[in-house]
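The values are calculated or read from the model by the stated rules, or taken from the named source; none is laboratory data. Remember, predicted model here, so these are calculated numbers, not experimental data. In this analysis, Cβ positions are derived from the backbone assuming ideal geometry, glycine residues included, and neighbour counts consider all displayed protein chains. Note: accessible area is taken over every heavy atom of the protein model, side chains too, but ligands, DNA and RNA are not part of it. Shrake-Rupley method; radii C 1.70, N 1.55, O 1.52, S 1.80 Å.
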Amino acid sequence: MKNRTKYGTAALLIALMATGVGSGDRVLTTPYTFFATAGVISRVGARPLFADIDPHSYNLDPKDLENRLSRLSAGERQRIKAIIPVHLYGQCADMDPILEIARKHDLVVVEDAAQAQGAKYKGRTAGSLGDAAGFSFYPGKNLGAFGEAGAVTTNRDDVADYVNLLRDH
């Protein structure tokens with residue numbers, strides 16, 4: 001992990017900001033999550049668009065994600081900037097097809113990894129799969145802190161530099 005922030009919600013917010021998501025953009029995500037996921041999308045001035053979940057894992061369903069994209073007008077598709085898969089219950093979303101969809105549509109992927117500390121996807125660690133990820137260490141999470149805490153992870157130097165600027169005010 002290259003970067004840290006104070007809170008899980010702030011980590012997700014900063015990850016969105018660092019990947020360039022902002023006013024007028026659209027972000028695809030799941031409705032089956034804590035409201036902070038949609039809240040940070042709104043806070044940067046973007047609008048959440050919801051795709052359904054896989055009924056077995058409760059994570060974002062890549063097939064419904066693709067279906068949702070196909071139902072949008074060309075103009076609306078152009079406004080989509082990112083996908084936020086939410087890793088729930090210590091298990092990662094089905095990331096290979098999500099990442100393929102992101103590449104196909106030139107979208108960034110910000111993982112909501114609030115409940116995924118130590119989770120693996122095909123041998124890869126949650127938080128290392130997309131462009132950035134936000135972790136939460138709220139006391140009720142899988143890995144809780146004494147009070148609230150969070151972290152942003154990324155493999156992109158430009159995102160890491162921007163996160164450091166935001167973290168340091």
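Surrounded by fewer than 18 Cβ atoms within 10 Å (Cβ to Cβ), in contact (Cβ under 8 Å) with a residue 12 or more places away in the chain and within 17 Å of the chain's Cα centre (by Cα), is that true of D106? Taking the combined requirement at face value, the residue does not satisfy it. Residue count for the range 17-31 under the criterion of being surrounded by fewer than 16 Cβ atoms within 10 Å (Cβ to Cβ) and either more than 24 Å from D158 (Cβ to Cβ) or among the β-branched types (V, I, T) (or both): the result is 1. Considering the range 111-147, and only residues there that are in contact with a Ser or Thr (Cβ under 6 Å, 6 or more places away or on another chain) and either at pLDDT 90 or above or aliphatic (A, V, I, L, M) (or both), the residue that is farthest from L65 (Cα to Cα) turns out to be A114. The single condition among (1) open to solvent by less than 70 Å² (accessible area, probe 1.4 Å); (2) modelled with pLDDT of 95 or more that A151 does not meet is (2). In the range 75-95, the qualifying residues are those that are touching a strand residue (DSSP E or B) at 6+ places or on another chain (Cβ under 8 Å) and assigned to a helix (DSSP H, G or I), and the one that is surrounded by the most Cβ atoms within 10 Å (Cβ to Cβ) is M95. Residues of the range 12-67 that are polar (S, T, N, Q) and closer than 20 Å to R103 by Cα: T19, T29, T30, N59, N67.
How many residues, within the range 48-61, are of a type outside the set (D, E) and over 14 Å from the mean Cα position of the chain (by Cα)? Result for the range 48-61: 5.
The set of residues in the range 52-74 being of a type outside the set (D, E, K, R), outside any helix (DSSP H, G or I) and open to solvent by 20 Å² or more (accessible area, probe 1.4 Å) consists of I53, P55, H56, S57, Y58, L72, S73.
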